[in-house]
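Okay, structure first, notes after.
The values are calculated or read from the model by the stated rules, or taken from the named source; none is laboratory data. The model shown is predicted, which means the values in this text are computed figures rather than measured ones. Cβ placement follows ideal geometry from the backbone for every residue including glycine, while neighbour counts extend to all protein chains displayed.
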Amino acid sequence: MSGIGQRIKQLLKSREQSQKALSQATGIPQSTLSDIIKEKKQPSIDKVEQIADFLQVDLHWLIAGRPFTPPPAATAGVAESEGRRAYQAEDTRSDYPRDVEAIIAILISLDAEARRLIKEMAERLQHKT
């Protein structure tokens with residue numbers, strides 16, 4: 001999968017959703033969605049946020065194709081300034097190890113039947129331990 005359009009297309013397929021449903025839920029015209037999926041247009045961040053919300057995926061993954069991982073220096077956070085709450089990178093960092101994030105990204109790209117089979121396999125492995 002290369003770009004955001006391909007990720008949207010795969011997510012729609014795996015969630016058994018249509019461009020029409022996405023259009024109705026987000027208010028983004030179907031013609032615009034079609035151009036985004038075909039990668040003829042780059043969507044605005046507002047549109048990407050709406051699409052990510054509808055598809056229930058991480059915004060960073062939808063844009064970049066990989067989960068967000070802050071640089072080590074960023075995890076220390078930022079001191080409070082002028083009475084405002086400081087931004088903490090930990091607030092956005094995933095609590096999952098990288099291998100789990102990779103598995104989740106793969107699962108998201110699979111169709112419903114493949115996810116069902118993987119779930120059954122994981123449950124069998126879980127009962128072995």
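I'd like to verify a number: residues in the stretch 90-129 that are at pLDDT 80 or above and loosely packed, with under 13 Cβ neighbours inside 10 Å, how many?
Residues flagged as at pLDDT 80 or above and loosely packed, with under 13 Cβ neighbours inside 10 Å within the stretch 90-129 amount to 12.
Would you tally the residues in the stretch 1-32 being without any contact (Cβ under 8 Å) to a residue 24 or more places away in the chain and either in contact with a Ser or Thr (Cβ under 6 Å, 6 or more places away or on another chain) or not small (Gly, Ala, Ser) (or both)?
The number of residues fulfilling the criteria is 7.
Can you tell me which residue is modelled with the highest pLDDT among those in the stretch 4-58 that are part of a loop (DSSP other than H, G, I, E, B) and surrounded by 14 or more Cβ atoms within 10 Å (Cβ to Cβ)?
The residue in question is ILE28.
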